[in-house]
Amino acid sequence: MTAGSIAVPTVIPLRSPLSGRPKTSIDSNTKIELRSGADIYYTINGWKPEPFQRTGERCTM
C-alpha cells in the first residue's frame, strides 16, 4: 500500500451460510459487518469530533 492510501474494507455477512449459495453472497436483507482497520469518530449532536480529547475533560451536556 502506498503512503496516504486507505485499505479496502472487508464486507462480512452476519448470518449462517444458506445451502446452495456461496457463503459470501448477500442481498438487500442481509445484515453485514464492515471492517476497515480505520478508527471512525462521530458525534450525535453535529459538532466536529475531537478524537484526541482526554476523557472527562469537557461536559457533553
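Just so it is clear, none of the values below were taken in a lab; they were calculated from the coordinates. Everything quoted here is computed from the prediction, not taken from an experiment. Positions of Cβ are generated from backbone atoms using ideal geometry, with glycine treated the same way; all protein chains shown enter the neighbour counts.
Using the Cβ-Cβ distance between Val11 and Asp39 with R0 set to 22 Å, the FRET efficiency from 1/(1 + (r/R0)^6) comes to roughly 0.75. Could you compute the net charge surrounding Ile26? Neighbours are other residues with a C-beta less than 14 Å from the C-beta of Ile26; K and R count +1, D and E count -1. In short, +2. The trypsin sites (Lys or Arg not before Pro) of the stretch 19-55 that meet both conditions, a loop assignment by DSSP and at most 15 other Cβ atoms within 10 Å of the site Cβ, are Lys23, Lys31, Arg54.
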